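Colleague: Structure below; questions to follow.
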Amino acid sequence: MFKEFVKHLFPRVVQKRNLSFSYTLCLGGLAFTCLLLLAATGLLLLFYYQPAPASAYQSILFLEGSVWGGRYLRSLHRLTSHFFLVLILLHTLRVVLTGAYQKPRELNWLIGCALLFLAVFEGYTGYLLPMDQLALWATQTGMELLRTVPLGGEIRAILVPDGVGENMSLLRFYVLHILLVPGSILCFSFLHFYRIRKNKGVLPYL
Amino acid sequence: MAKPGQTRRSFLGAVISLAAGAFLIGKFLTPKTRQKKALLTVPKGDLPPDGALVYREARVALLRQGEEVYALNLVCTHLGCTVNVTPAGLVCPCHGSSFDREGKVLKGPADRPLERYRVRTEGDFYQVLV
């Protein structure tokens, strides 16, 4: 099964008309490029970030002030994350407008929706990490909003066992942001690409 | 003869970009460790026993108590005004915080003691290190 999966990830033959730029605008591909860039810059940021409430903000200041290229890398990570979300939303819009969610591609539409949700959640968990005022209150707002939805209280209790921006919650957001959520996004992306191959490319839809 | 999959040009390109990448990442991973630099150099004779020298421009006071010599950062820990040095202690003109000679808070609104700088003895001079 695994061999077949890899074969479909890297196809031997691609139909020329499937590469038509004007149809997909390459939005999904650009979003995936953003994801790779986010992984690369995030990996380097890990060398300096300290996931503890007292030292998180200090470590960011140190990174921006005393590390060669630190400010650039952090800005790149932040900017790319914005682009990532915008591109995913545009990609979703393209899929809706071209009717690409229809049979036989319903499964890939669902995988795509999961990816959209995971990307937003990844952005949300990353927002708390700098531990400045904006980060703290934005996360606080999100957590209060979560209370209003069904099961929100339970999810909140898991995400924030001790209050937004305290030891345990910051550590949980950190682990989610650097390991669990990106890992799931990567797995779902590969499944997404595999399904494109299984559906014999992206054209024609309608 | 079989054509090798790798040309000399692509090999050289790969070596050069790997070396450049390693150099840049190495530079990123070695942060500047802050060199302490001398803010002030004061002759030892200028500082009387149990006295103080105030440098308002540099916002530093050099104090001596018995044998101990230390420097206080005159930036108030409340909102950053320059505190006045009086014989009784240090008083902030903005909101009335007062500190004793060691920089500890006597009266608010400041809630942290004044920052201390390291003083190094260099021959016949005191050096305040920042």
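Derivation of every value follows stated rules applied to the coordinates shown; laboratory data play no part. Note that the structure is a prediction, hence the values are computed from the model and not measured. Every residue, glycine as well, gets a Cβ built from its backbone with ideal geometry; the counts of neighbours run over all protein chains shown.
Colleague: Kindly express, to the nearest 10 degrees and within the range 0 to 90, the angle between helix B:8-29's C-alpha long axis and the longest C-alpha principal axis of chain B.
Modeller: For B:8-29 against chain B, the angle is about 10 degrees.
Colleague: Need one number: nm distance between label points at B:Gln65 and A:Ala40, each 7 Å from Cα along Cα→Cβ, rounded to one decimal.
Modeller: Reported label-point gap for B:Gln65 and A:Ala40 is 5.6 nm.
Colleague: Can you sort A:Met168, A:Met143, A:Met1, A:Met131 so the residue with the fewest Cβ neighbours within 10 Å comes first?
Modeller: A:Met1, A:Met168, A:Met143, A:Met131
Colleague: Calculate the FRET efficiency for B:Phe11 and A:Leu116 from the Cβ-Cβ distance with a Förster distance of 45 Å, rounded to the nearest 0.05.
Modeller: 0.60
Colleague: Still on this structure, please answer the following. Only Lys, Arg, Asp and Glu count, each charged at its Cβ (+1, +1, -1, -1), so figure out the dipole size of segment B:38-129 about its Cα centre, rounded to 20 debye.
Modeller: Dipole magnitude for segment B:38-129 comes out near 240 debye.
Colleague: May I ask for log10 I(q)/I(0) of segment B:1-123 at q = 0.15, 0.16 Å⁻¹, from a Debye sum over the Cα atoms as equal point scatterers with solvent left out?
Modeller: Per q value, in the given order, log10 I(q)/I(0) is -0.76, -0.82.
Colleague: Taking the Cα centre of chain A as origin, work out the dipole magnitude from +1 charges on Lys and Arg Cβ and -1 charges on Asp and Glu Cβ, in debye rounded to 20.
Modeller: It comes to approximately 1320 debye.
Colleague: Note down the net charge around A:Pro104, summing +1 for each Lys or Arg and -1 for each Asp or Glu among other residues with Cβ under 12 Å from its Cβ.
Modeller: Result for the neighbourhood of A:Pro104: +4.
Colleague: Compute the relative contact order of segment A:75-157 as a whole-number percentage, counting only Cα pairs closer than 8 Å that sit 6 or more residues apart in sequence.
Modeller: 17
Colleague: Using only helices, what value at 222 nm comes out for chain B when you add -39,500 (n - 2.57) per DSSP H run of length 4 or more and divide by the total residues, to the nearest 500 deg cm²/dmol?
Modeller: Rounded to the nearest 500, the figure is -6000 deg cm²/dmol.
Colleague: Another question, then. Say the dipole of the protein assembly as shown comes from +1 at the beta carbon of Lys and Arg and -1 at that of Asp and Glu; which of A:Val160, B:Val105, A:Val6 then lies farthest toward its positive end?
Modeller: A:Val6
Colleague: What is the sum of charges around A:Phe5, taking Lys and Arg as +1, Asp and Glu as -1, for the other residues whose C-beta is under 12 Å from the C-beta of A:Phe5?
Modeller: +4
Colleague: Still on this structure, please answer the following. Determine, for A:His177, A:His82, A:His192, the number of other Cβ atoms within 10 Å of each Cβ, and report the residues in order from fewest to most.
Modeller: Neighbour counts put them in this order, fewest first: A:His82, A:His192, A:His177.
Colleague: Per the helix-only calculation at 222 nm, which mean residue ellipticity applies to chain A, given -39500 (n - 2.57) for every DSSP H run of n ≥ 4 and division by its residues, nearest 500 deg cm²/dmol?
Modeller: -23000 deg cm²/dmol
Colleague: Moving on. Of the cross-linked pairs B:Lys36/B:Lys104; A:Lys3/A:Lys198; A:Lys103/A:Lys198; B:Lys32/B:Lys104; A:Lys103/A:Lys200; A:Lys16/A:Lys198, which ones have a Cα-Cα span greater than 20 Å in the structure shown?
Modeller: Checking Cα-Cα distances, B:Lys36/B:Lys104; B:Lys32/B:Lys104 exceed 20 Å.
Colleague: I'm a student and want to see the number: the projected area of the Cα convex hull of segment A:25-198, averaged over all directions, in nm².
Modeller: Approximately 10.9 nm², given one-decimal rounding.
Colleague: Express the C-alpha Rg of the protein assembly as shown as a ratio against the empirical globular expectation 2.2 N^0.38 Å, rounded to two decimals.
Modeller: 1.47
Colleague: I want the local charge near A:Ser55. Using Cβ-Cβ distances under 14 Å, sum +1 for each Lys or Arg and -1 for each Asp or Glu among the other residues.
Modeller: Net charge around A:Ser55: -2.
Colleague: How many angstrom lie between the C-alpha centres of segment B:74-99 and segment A:36-114?
Modeller: 46
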